[in-house]
Every structure is written in structure tokens, then in C-alpha cells.
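First the structure, in the form of C-alpha cells, and then the observations on it.
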Amino acid sequence: MTDLHSRHQAVLPEWLALYYQNPIELTHGEGRHVWDAEGRKYLDFFGGILTTMTAHALPEVTKAVTEQASRLIHSSTLYLNRPMIDLAERVAHLSGIPDARVFFTTSGTEANDTALMLATTYRRSNQLLAMRNSYHGRSFSTVGLTGNRNWSPTSLSPLQTLYVHGGVRYRGPFAHLSDAQFIEACVADLEDVLGQTRGQVAALIAEPIQGVGGFTSPPDGLYAAFREVLTREGILWIADEVQTGWGRTGDHFWGWQAHAENGPPDIMTFAKGIGNGMSIGGVVARSEVMNCIDSGSISTFGGSPITMAAGLANLSYLLEHDLQGNSRRVGGLLLERLRAIGAATPCVREVRGRGLMAGIEIVRPGTDQAWPQAAGQVQEAAREGGLLLGKGGGHNTSVLRIAPPLSLTVAEAEEGAAVLERALRSV
């Protein structure tokens with residue numbers, strides 16, 4: 001592995017992050033497990049950044065990809081594409097957006113880029129609202145509205161971005177308030193921000209649960225309250241469901257549904273889990289918004305027949321096996337276990353999450369001060385114990401991120417929690 005690591009360093013950018021002091025090469029996977037080049041087996045609690053949604057090497061997806069590859073791998077959107085239309089019909093129906101149109105991309109970054117193009121074109125404005133601590137991708141435009149400084153390498157942007165409170169419940173100036181008071185204060189902050197703008201704002205983009213930000217979320221109903229203000233001003237609501245979609249939160253199929261009192265978003269983006277590792281992203285919007293583009297366009301790789309075949313097979317498996325229900329049941333048990341562990345561990349400030357989307361915030365004992373070094377040590381110790389975890393957070397990546405495939409079993413949840421408990425105690 002030392003040779004492969006040195007080759008990586010010699011030819012790839014320094015800013016391309018690698019986990020672990022001694023990075024590992026994953027060679028194959030099955031179910032909820034992966035193996036490295038040295039033959040070590042790991043329980044995967046991060047799923048390639050929430051992307052292996054159902055299972056590694058899921059036979060139904062493998063078969064669909066193989067069969068489609070034997071017929072036609074690529075055509076572009078210049079030709080009728082049956083798998084793309086089939087998947088678009090299913091996604092449009094599941095989105096809850098009336099008279100929906102779907103555009104496929106190759107990543108969540110590109111999906112959010114497209115959503116921004118739609119919103120700014122529809123509203124004839126480059127002013128955007130975003131949440132503090134947010135993350136929406138690595139392109140020039142999405143970095144320009146990312147509110148998490150750890151993932152925003154430049155202050156240059158084609159957008160004028162205004163940041164509002166609400167994405168982080170238990171840090172910041174409103175942390176001491178009750179849920180109802182928190183929502184009221186965030187709405188007042190939104191009103192104040194809008195009162196400082198000239199011209200019209202195009203849209204608010206928000207993750208229902210902030211992913212890279214450390215799996216933080218507002219109280220249910222915040223974005224419904226925001227929506228009342230946005231609707232009054234004609235401002236669009238973009239729900240970034242790249243990490244929260246497809247039933248991962250357990251309680252809902254989409255994260256926005258925890259804030260659904262005023263209906264679905266105007267625009268919704270998705271990616272990651274739908275392809276189970278294949279490169280699929282996309283945008284869903286009501287027709288008048290999607291069709292506001294007055295020039296021709298195509299996508300060379302978006303909606304590729306082979307990725308669409310994978311998405312269809314993966315989505316069918318998820319629905320037929322009620323993996324949203326499994327996420328709710330197994331995720332609920334896992335969160336209970338993690339909270340019990342956290343309560344007995346001085347360096348754990350908070351265990352938070354929903355379904356199979358959990359975050360453990362690590363701080364210096366007796367303080368609220370982030371402790372990224374300790375979080376890194378826990379991640380290393382968990383790896384030694386056979387468990388792969390992610391990291392994130394708005395305070396120097398001090399949050400352990402847990403997001404296994406949605407087919408996780410109770411026994412595997414218990415196994416992973418036991419490894420994590422030992423890793424935390426080692427710190």
C-alpha cells in the first residue's frame with residue numbers, strides 16, 4: 001500500500017483528501033462489508049459517502065448493469081432513451097412535486113449547479129439565500145454558496161449569497177431557545193436578511209439535514225415557516241436531497257417532508273444513493289420552472305442508459321424491500337445504542353440524527369470546544385476494529401458520520417456500535 005500511496009501523492013492533487021494515516025485500498029464488497037487489498041474485512045458505516053445505498057455488489061443492480069452494457073452503454077440525450085424516461089417517471093411521481101420535470105446529471109454538484117441555473121434564470125436574479133454551515137458541491141457556483149468554510153476554498157463567486165440561521169440547532173445564538181422559539185428567531189433573521197437586500201432574491205437552497213456539516217438539522221417545521229416568507233416574496237425553495245433522499249432518514253422518503261406543511265419544494269436535487277455507486281444526479285422541478293430555459297441544451301453523460309438501468313434496479317429493490325422502514329427501525333435502535341454510549345463518554349457532546357444518518361460530535365471533555373484530533377483518533381481506532389466511519393462538521397471536522405447501507409441488519413448495527421464504543425473509550 002505504501003507504493004500505491006506514493007503513486008497517489010505523485011500524480012493527484014494535494015487537496016484530494018484521504019482517510020487514515022495509512023490510507024487503505026478497497027478491492028471488493030458484499031452486503032454491508034468491504035475488503036481491503038490486504039484481505040481485511042470491514043463493516044462499512046459510511047457507504048462511499050452515503051452512496052452505496054442498498055448494499056455492496058447488489059445482484060439486482062449488477063445484473064441490470066451487465067445486461068444494459070451488453071446492449072448499449074452510451075447514447076447521450078440527443079436520442080430517445082427508454083431507461084432514462086422510465087426512471088424519470090418514477091422519480092417525478094415519488095418527488096411529490098406537481099407537474100414535475102426531471103433532468104439527470106452525473107453528480108450532486110452538477111445537480112445543484114443546474115438548480116441554481118434554473119432559479120436564477122426563472123427569477124432573473126443572482127441573489128441566493130443559503131444556510132450557515134451548508135455544503136452544496138465543489139463547482140465554482142456551488143462552492144460560492146457553501147456556508148462551511150472547511151469546504152469553500154475561494155471567496156470568488158458568480159452569485160451574491162446571503163446566509164441565514166437555522167441549519168444548526170444546538171450551536172450559535174439561538175441554541176438556548178425552545179424549538180418553537182428557535183423557529184421564530186430564525187424566521188425573524190430571514191426577514192431581517194431580506195430587508196437588507198436590493199432587488200429580488202432568486203431562491204433559498206437548503207439541506208434538510210446538513211451532510212458535510214455534521215448531520216445537523218433544525219426542528220421539524222423550520223422550512224415550512226421559511227416557506228411562508230419565501231412564497232410571499234416569490235422566492236423559490238430548493239431542497240438539496242443529495243444526502244437525505246430515498247428514505248435514509250427513516251421517517252420520510254425525502255428530508256423536506258419533515259417540513260411539508262406548505263407543500264413540496266419548487267426544485268429538488270438528488271444524487272448519491274440512487275445509483276448505488278453509479279454516477280447519477282438530478283433535478284426535479286415543476287414544469288414552469290424547469291422549462292424557463294430558452295436555449296437548447298443536452299447532457300452527454302447525464303441519463304446514460306447504463307446508469308439509468310442501475311438506478312431503476314436499485315430503486316425497485318429499495319421500494320420492494322421497504323428499506324425506508326428498515327432505516328427507521330434499525331436506525332432507531334442504533335441511535336438509542338449510540339446515545340447510551342455517548343452519555344457515558346466525556347468527549348461526546350451530542351449524538352444526533354435520523355434513521356441511518358447519525359452524527360457523533362466530539363469535544364474536549366467539559367467544554368463545547370471541538371476536538372478534531374480526538375475524532376481522527378476514534379476514526380483510526382474504529383478502522384483497527386474493523387469499522388469504517390466518515391467525518392464532517394462545521395467546527396474543524398470533529399463529527400463522526402455514520403451512514404451505512406439501508407439494508408443494515410440489527411446484528412450489524414450492534415456489532416458496529418460495539419466497535420465504536422471501544423474506539424471512543426480508547427480516546
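Since every read-out is calculated from the coordinates, none of them should be taken as a lab result. From a predicted model like this one, the values you see are computed outputs, not experimental measurements. Here the Cβ positions follow ideal geometry from the backbone for every residue, glycine too, while neighbour counts run over all protein chains shown.
At a threshold of 8 angstrom on Cα-Cα distance, excluding pairs fewer than six apart, so keeping six or more, what relative contact order does the chain reach in percent?
Working: 901 pairs, mean separation 93.9, N = 427.
Over the chain, the number comes to 22 percent.
Could you identify which residue out of Y20, Y223, Y79 has the top mean-square fluctuation in a GNM of the chain using Cα springs shorter than 10 Å?
Of Y20, Y223, Y79, the most mobile in the Gaussian network model is Y79.
With the crude spin-label approximation of a point 7 Å out along Cα→Cβ, what separation in nm comes out for W15 versus R101?
3.4 nm
On a C-alpha basis, how far is the centre of the range 314-361 from the centre of the range 205-219 in Å? Whole number, if you could?
15 Å
Mind checking which of E380, E110, E89 has the largest fluctuation in a GNM of the chain, springs on alpha carbons under 10 Å?
E89
For the range 328-343, what does the Karplus curve 6.51 cos²θ - 1.76 cosθ + 1.60, with θ = phi - 60°, yield as ³J(HN,Hα) per residue in whole Hz, taken in order and with x for Gly and Pro?
5, 6, 5, x, x, 5, 5, 5, 4, 5, 5, 5, 5, 5, x, 5
Rounding to the nearest 20 debye, state how big the charge dipole of the chain is about its Cα centre with +1 on each Lys and Arg Cβ and -1 on each Asp and Glu Cβ.
The calculated dipole for the chain is roughly 420 debye.
From the Cα gyration tensor of the range 1-118, with a ≥ b ≥ c the square roots of its eigenvalues, which class applies: rounded if a/c is under 1.5, or else prolate if a/b is larger than b/c, or else oblate?
Values: a/c = 2.07, a/b = 1.68, b/c = 1.23.
Since a/c reaches 1.5 and a/b is larger than b/c, the shape of the range 1-118 is classed as prolate.
Please list, or write none, the aspartates and glutamates whose alpha carbon is within less than 13 Å of the alpha carbon of K391, excluding same-chain residues fewer than 8 places away.
E361, E380
Among (i) 49, 22, 17; (ii) 32, 29, 20; (iii) 39, 29, 19, which one is semi-axes √(5λ) of the Cα gyration tensor in Å computed from these coordinates?
Step by step, semi-axes √(5λ) of the Cα gyration tensor in Å for this structure corresponds to label (ii).
Taking the range 163-218 on its own, what percent of its Cα-Cα pair distances exceed 14 Å?
Value for the range 163-218 (Cα pairs over 14 Å): 58 percent.
If amide H atoms are built 1.01 Å from N in the plane of the peptide, which residues on other chains or at least 5 residues away come under 5 Å of the amide H of Q160?
Q127, L128
Under 13 Å between alpha carbons, and skipping anything fewer than 8 positions from K272 in its own chain: which aspartates and glutamates qualify?
Cα-Cα hits under 13 Å: E110, D240, E241.
Hey, in the GNM for the chain with a 10 angstrom Cα cutoff, which one of E361, E241, E336 fluctuates hardest?
E336
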